[in-house]
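Quick notes on the structure that follows.
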There are 4 protein chains.
Amino acid sequence: MLVEFSIVPVGVGSSIGDYLAEVLDIVDRSGLPYKVNPMGTVVEGEWKEVFSLIEKCHQAVMSKAERAITTITIDDRKGKPNRIEEKVASIEKRLKRNLKK
Amino acid sequence: MLVEFSIVPVGVGSSIGDYLAEVLDIVDRSGLPYKVNPMGTVVEGEWKEVFSLIEKCHQAVMSKAERAITTITIDDRKGKPNRIEEKVASIEKRLKRNLKK
Amino acid sequence: MLVEFSIVPVGVGSSIGDYLAEVLDIVDRSGLPYKVNPMGTVVEGEWKEVFSLIEKCHQAVMSKAERAITTITIDDRKGKPNRIEEKVASIEKRLKRNLKK
Amino acid sequence: MLVEFSIVPVGVGSSIGDYLAEVLDIVDRSGLPYKVNPMGTVVEGEWKEVFSLIEKCHQAVMSKAERAITTITIDDRKGKPNRIEEKVASIEKRLKRNLKK
């Protein structure tokens, strides 16, 4: 399944880049396919491995912040592998042109 | 922590009430504190019990649908128990009047 | 349409109740049907009136905070009025029992 | 401000690529800076122009579907232009390596 997630530490100031860098370091080292965008990170995998990763990221932020808001969106579709690449590619194929990524 | 979640089966028609009834039956029998609203369900608990519940609900929908979109929002704040009741109550106290719930 | 929204000021400390009280004061005075829950507020209305309200709330928070994260979920379904009451009621009818609200 | 949005038509089958292609055609022609990812589209702009675009996309889907779920996340931060490029770049600078995008 495809899962996008985003973690916002609350009560640590308006610059939260150091927290996000630590989260993305964990994601990058996890070995799961991922793509980062300006609003979150998309990962692809099975339920257990994806939520184990998100829990690790969330707890890393909570080890330094009093409060965090974490949002997660799952798009689960049977029998569709490699959607992290194929989903946007299939839209571009329909439109017969490339989109900005 | 407080967690709101919502599951939308895709590809099963625009009336999804039967799916949501099954999800809420699972939530209601789980024993976790919860509150249902027109857009989702809020539960309170520790990471493992909350995500075990959400996984059970998501898999129940996926056992009957080809695709589902599940959204989850976590509000995790240290040292604050019973926030499922206290969070709105603290706003009403500040406003010195009751809100619609 | 039904719309749930939630605004989190960032960089103002971990207690954000004063901001949320101001937001809910605006919602309560707007005249739109609404229901508040521990994770957000659900309103029902047409696009223009709903987004005019959310913009007003968002700008009220931004007038005092450096940064805010606002999340909005729309459930738009043709020909279904009063869903703010009917949606949960239809689930309870299916389950033949009341849920916690 | 940065805004990610995603529209899911409900009740039209589990393959929704034709709807998403129409949405991305509208976004691509809008002239606003954007980046598409496997779970949504991030745009950058002022409130009015961003929500005018999202409304146009949402109504295009509703002109063909009975129901749609649209999710929107706003990250509004004062005095920070070009965040659609700079936000991820600032994380990579902290990590001293490139991330997958």
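The values are calculated or read from the model by the stated rules, or taken from the named source; none is laboratory data. All of these numbers come straight from a predicted model, not from anything done at the bench. No Cβ is skipped: glycine too gets one built from the backbone with ideal geometry, and neighbour counts run over all protein chains shown. Just so you know, the surface numbers come from the protein's heavy atoms only, side chains and all, with ligands and any DNA or RNA stripped out. Shrake-Rupley method; radii C 1.70, N 1.55, O 1.52, S 1.80 Å.
Looking down the axis that turns chain C into chain D, the chain C residue with its beta carbon nearest that axis, and the gap rounded to whole angstrom, comes out as C:72, 2.
Across chain B, Cα-Cα distances exceeding 16 Å account for 59% of all pairs. Each copy carries a label point for residue B:78 at 7 Å from Cα along the beta-carbon vector; from one copy to the others these points are 2.8, 4.5, 5.3 nm apart, nearest first. When accessible surface is computed with a 1.4 Å probe, chains D and B are found to bury approximately 800 Å² between them, both chains counted. Compute the relative contact order of chain A as a whole-number percentage, counting only Cα pairs closer than 8 Å that sit 6 or more residues apart in sequence. Here the relative contact order equals 41 percent. Ignoring aspartates and glutamates fewer than eight residues from residue A:96 along the same chain, the ones with Cα atoms less than 15 angstrom from its Cα are A:86, D:18, D:22, D:25, D:28. Note that chain A presents 42 Å² accessible area per residue, ligands and nucleic acids not counted, probe 1.4 Å. Helix content alone sets the calculated 222 nm mean residue ellipticity of chain B: runs of n ≥ 4 DSSP H residues at -39500 (n - 2.57) each, divided across all residues, give -14000 deg cm²/dmol. Using a Debye calculation, one point per C-alpha and no hydration shell, please list log10 I(q)/I(0) for region C:44-101 at q = 0.15, 0.22 Å⁻¹ in order. Listed by q, the Debye log ratios stand at -0.66, -0.92. The alpha carbon radius of gyration of the protein assembly as shown, expressed as a multiple of 2.2 N^0.38 Å, is 0.92. For residue B:48, the label point sits 7 Å beyond Cα toward Cβ; its separations from the matching points on the remaining copies run 1.5, 5.4, 5.4 nm, from shortest to longest. For region D:1-46, the spherically averaged projection of the C-alpha convex hull amounts to 3.4 nm². Reducing region A:1-40 and region D:57-101 to their Cα centroids gives an inter-centroid distance of 13 Å.
Of all lysines in the structure, those lying under 28 Å Cα to Cα from residue D:93, and not within fewer than 8 positions of it along the same chain, are A:35, A:56, A:64, A:100, A:101, D:35, D:78, D:80, D:101.
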